[in-house]
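First the structure, in the form of structure tokens, and then the observations on it.
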Amino acid sequence: MSQANEGCVILACLSASPSSERVIRAASRLYEKHRDTFLALYVGTVESDTAAGRRLQANIDLARQAGAHVDTMESGEIALTIAEYAKRSKVTDLFIGDSVPSHVLSVRSISDQLIRYLPDTSIHIIPDAKASYYPKVYRRGQDSALDVRDLLLTIAVMAAATILAILFYHSPFSNSNIVTIYILAVLVASVLTSHQLYGIIAAVLYILLFNFLFIEPRFTLLVYDPQYLMTYFVTIIAALITGSLAARLKSIAWESAENAYQAKVLLDTSEMLQKASSSEEMVRITCTQLSSLLDRDVIFYRIAPNGDIGIEAEAFSANDEGTHPVLTNSEEDAIRWTYENSHHSGAMTNHYPESEYRYLSIYTTHGSYGVLAIRMGGMNFTAFEKSILLSIVSEFTMALDNESINREKQAAEINAETERFRSGLLRSVSHDLRTPLTAMYGNAVNLSQNSGAMSEAEKQKIYCDLRDDALWLNGQMENILSMTKLENDPDLELSPVSVDEVIEESLRHLDPHSEEHVITAEESDDCLFAKMDARLIVLVLVNLINNAIKYTPKGSHIVISRQKQGNLVSVSVADDGPGIPDEDKQRIFALYYTKEHSLSDSCRSMGIGLNLCDMILKAHHQTIEVTDNYPHGAVFRFTLQEAEVNGNE
């Protein structure tokens, strides 16, 4: 067994056997050492309500706890499916349990077959005499027909048949059974081996052995009875037919395993594309998947509006050094032709066949998106590779379409929300600002026309009303301008600012009626700094304190405090007024939400102050909340990111 190198991919083969726990723990120890990729695979079907099903689920849970990504696949060809999965996942170390065959004629174990299928993979075999035995699988027909193991197996089968035939020859039973024994041996050899050639070899051995050992004259190869020639001919034909049927069944099993693997690959690719947050990530996933599955270099080109060709993503096979080619004029022409005509070109096509790459146009219902380039290396796609390629490209284009539709939907929702905001703002400005403006105009006219007939007290009251209306209008316009700025540019430049200085500054901009309340800023020996836009945080505090002034009776206490909470600074504005009902707490930060209150003038509440506070805190990536103040009242609390300031700043 060899140790995995850096960048290793570990695969643990799961089963319903209790020994599978040892396999998982052995793979987990290697994973703990390298901390790379840990996979676990179960191939087959087990009823969940059986003892085997429960053991399997326990082993799957153990693998997940060890940090493995678990996959399950249904296939009767276990070794073949594991080998295909390992190749596609570029597994470097494979862990599997094994059991020793109980007799000489047993089929090859799963581990033996994996060693044959995966010569470049380190296979760690965890012995267990009690492990479940796996059914035999065969390699595909295009593999080399010559195999020493199959040849030895054929010889062993024929040797066993010969020993049994000799026993029959010296027994009282009829010697005609010897022919039956040899024909059965030929059929067994045809089924157990991986190529029909071995069935023919078994038939030839049958002819030679039977003729040499049992036909008079014995121990020669002379045949005097023509009936035996017909028997030999029929035996060879039977071996050919049996071998052909066995090879066909093996091919069907291989294709079934390929189809199961293809379905698994497409499912995984579809899930990854659905989780992708952008088209750029989708391109990267598609290139990586295709490069891994096809073992070829894959590059995705984007064509700019001015015609420039740029690489958006690239993925290289394990055998490549990871350098993308320098585009020649011919290659650029091929890429542009593919993009403009929404067709494939390049190597082994009618357009630009001299190219080393095959170019595929990626286009959606919204138009061409880019060009996918796959290095061919002088070898065309197999039917399986072509099927995988077309399926993944189809999934990719569907994901791009969905992403484009979602982007348009989000843009439409943003536009609708912006339009709603503008319409609501205009309605509020036209309706809510009209009353104070009318009052100011009326007071101004009254002063200009009747000043001589008014007493000094009446004049002072009008002056105070004019001042209050002007200050209220100024505050609302400040809120509206701040909201508009945040809507257009939500990215703020934050800098370390003293929280105490911000609180002091906010107290200088309060409602004139603040003198009717007891407002206190708690002092502390700690000097806290936070990252903020100081002007906007002052606006938050002014809105919160003015709200407390507006909605609490005269003489109420309003307390501004701040304290450190981990790496945050918490700032709160608490009052001992009537408080806020629970049903209003969830809606109080909504735009244009106002609440009728006996202590406030409803015409003086546009419903944007608290919403602005929420917007400002979100722009700071922080939150604001309202809770009850005991025994009565409300507490508005928001947080800011603490800033560390050295003594020189």
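The values are calculated or read from the model by the stated rules, or taken from the named source; none is laboratory data. Worth saying up front: this structure is predicted, and the values here are computed from it rather than measured. Positions of Cβ are generated from backbone atoms using ideal geometry, with glycine treated the same way; all protein chains shown enter the neighbour counts. The protein model used for the area step is the full one, side chains on, heavy atoms only, and it has no ligands, DNA or RNA in it. Shrake-Rupley method; radii C 1.70, N 1.55, O 1.52, S 1.80 Å.
The calculated FRET efficiency for I311 paired with K386, based on their beta-carbon distance and R0 = 22 Å, is about 0.35. Quick check on my link table: of K386/K409; K409/K585; K250/K386; K550/K585, which ones sit more than 29 Å apart, alpha carbon to alpha carbon? Among K386/K409; K409/K585; K250/K386; K550/K585, the Cα-Cα distance tops 29 Å for K386/K409; K409/K585. Once the 1.4 Å probe is applied to the protein heavy atoms, the range 487-569 comes out at 55 Å² accessible per residue.
Spin-label model, H632/T349: points 7 Å from Cα along the beta carbon direction are separated by 7.9 nm.
Annotation for L327 and Q449: the two label points, set 7 Å from Cα along the Cα-Cβ direction, are 7.8 nm apart.
For the range 328-409, the Kirkwood radius over C-alpha pairs fed into Stokes-Einstein at 20 °C and 1.002 mPa s yields D = 159 µm² per second. C287 sits with roughly 0 Å² accessible to a 1.4 Å probe, with DNA, RNA and ligands left out of the calculation. For a straight C-alpha distance cut-off of 14 angstrom, the aspartates and glutamates reachable from K564 (same-chain residues fewer than eight places away being disregarded) are D500, E522, E523, D525, D526, E642, E644. For the range 511-556, the alpha-carbon radius of gyration amounts to 1.38 times the rule-of-thumb value 2.2 N^0.38 Å expected for a compact globular protein. Of the listed residues S20, S387, the order by accessible area with a 1.4 Å probe, largest first, is S387, S20.
Net charge of the neighbourhood of V518, taken over other residues with C-beta under 14 Å away and scored Lys/Arg +1, Asp/Glu -1, is -4.
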